[in-house]
Amino acid sequence: MSTATGVFLLSLTAVPVCYSMNLMSSMGDHRLVFGGACLVLAVIVFMSYLIIAFTGKQNKPSDLFFYVFSLFAFTSVVDLVIGLELDGVINNFVAFYLKEGEPYLNTAYGTMINYWDGTGHYCMYLMMVTAIVWKLNVVFSFSQKIKAQKKSIFQRPFDLMMVIYLLTSCVFSFIRMLAALNSPILFAQAYVKFYEPYLLDPVIYPKLQMLVYWFYLTPHSLCAIYGLLYPGCEWMSDWALIHAGAAMQGQFSHIGSSLHSRTPYALRVPIDSRSTFWVINLILLVFPQILAWRCLNKPAFFAKEVDPRPLKKEHLK
């Protein structure tokens, strides 16, 4: 059995562990449940060590993040179990935790963030564990950077499209922020009424999400526009990757919550405007992923600027 497969199988033990912990809760001793949960986390890390110990020497990872991602893979399955119980697919696996641990999860937004952690994050953790085991490393060539950095934005139609998207997303983030704050401005009122009434949900999650978009993702979008216009912005790839992850998680939770049965019917997306709702929100989900792909797949433009002068003979030796 490979190391990565062992971590995958170990993460699945979260299902019987959740069921057992829920049975322990019937004893009524909160300290016992808390102590049991801490013990389980320690055991998972120890089992990860044993998985490494019983695999071949070639695939023994030394990176401590192997243990971190192994533990998080386990907790991701726990979150998937929570999401399924919230939607009534399963019962009595985490009922005690939802009542005594994190009751705020009993909302549409809470359900969706559990689904995201149990699917999106789970897959990423397993991929990172696999990369650590296989000692994968991505190395890019900057052999064409001089050529790439001489091109203006109008000679790079894909980048021009990204600039237009980023500018549009800034405007749209402003509109949704005003709508979430229940601004009296007409276009904000019209948007929240006809397209996303969920922004006024009293649970406050959508309002916080729109504020995060405005105060965090919008400044990044402006910086990304600069990075696409001027060469040598080495930070561009890392920031684009973080932006892509934040947009994916935020949009996944927001879209799902806007349509979820736990959201009051009056605050769900109106049937007549659902096509527009899907187009808008999928664009906000997909385009940050495209930008991250562009930055990581063709990073030459973002490499540190080089001296275009020819090298002296002694430098060529």
Residue span Leu23 to Ala190: 0.36 nm per residue of separation minus Cα-Cα distance leaves a gain in nm of 55.2 nm
Against the 2.2 N^0.38 Å rule of thumb, the C-alpha Rg of the stretch 116-237 sits at a ratio of 1.45
Nearest-0.05 FRET efficiency for Ala246 and Thr5 at R0 = 30 Å, using Cβ-Cβ distance, is 0.50
Karplus-derived 3J(HN,Hα) from phi for the stretch 89-100 (6.51 cos²θ - 1.76 cosθ + 1.60, θ = phi - 60°), whole Hz, x at Gly and Pro, runs 6, 10, 9, 6, 9, 9, 4, 4, 5, 5, 8, 9
Dimensionless Rg/Rh of the stretch 71-118, both radii on Cα and Rh by Kirkwood, sits at 0.93
Relative contact order as a percentage, the stretch 145-302, C-alpha pairs under 8 Å and 6+ apart, gives 31
From fewest to most C-beta neighbours within 10 Å, the residues Val94, Val33 line up as Val33, Val94
Out of Ile132, Ile113, Ile255, a Gaussian network model of the chain with alpha-carbon springs under 10 Å gives the largest mean-square fluctuation to Ile132
In this structure, the FRET efficiency calculated for Asn92 and Tyr49 from their beta-carbon separation, with R0 = 25 Å, to the nearest 0.05, is 0.20
Contour minus Cα-Cα span, Leu41 to Ile283, at 0.36 nm per residue, comes to 83.3 nm
Highest GNM mean-square fluctuation among Thr55, Thr130, Thr111, for the chain with Cα springs under 10 Å, belongs to Thr55
Rounded to the nearest Å, the spacing of the alpha-carbon centers of the stretch 270-298 and the stretch 156-173 is 12
Note to self: C-alpha centroids of the stretch 188-223 and the stretch 121-135 sit apart, in Å, by 33
Taking 0.36 nm per residue of separation between Leu181 and Ala148 and subtracting their Cα-Cα distance, the length gained on full extension comes to 7.6 nm
Quick calc, Phe34 & Met161: beta-carbon distance into FRET formula, R0 41 Å, rounding 0.05, result 0.20
Relative contact order of the chain (C-alpha contacts under 8 Å, at least 6 apart) in percent is 18
Cα-Cα pairs in the stretch 3-134 separated by more than 19 Å, as a whole percent of all pairs, come to 51
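Which whole number in µm²/s is D for the stretch 145-302 by Stokes-Einstein, with the Kirkwood Rh taken over Cα pairs at 4 °C and 1.567 mPa s?
78
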Stokes-Einstein D for the chain (25 °C, 0.890 mPa s, Kirkwood Rh from Cα pairs), in µm²/s, comes to 108
The answer for the longest stretch of the chain without any exposed GluC sites (Glu not before Pro) (DSSP loop, at most 16 further Cβ atoms within 10 Å) is 1-233
With only helices counted (DSSP H, runs n ≥ 4, each -39500 (n - 2.57)), the per-residue ellipticity at 222 nm for the chain, to the nearest 500, works out to -20500 deg cm²/dmol
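Where a number appears in this text, it was derived from the coordinates with a stated rule and is not lab data. Nothing here was measured: the structure is a model prediction, and the numbers come from that model. Glycine gets a Cβ as well: all are built from the backbone with ideal geometry, and neighbour counts include every protein chain shown.
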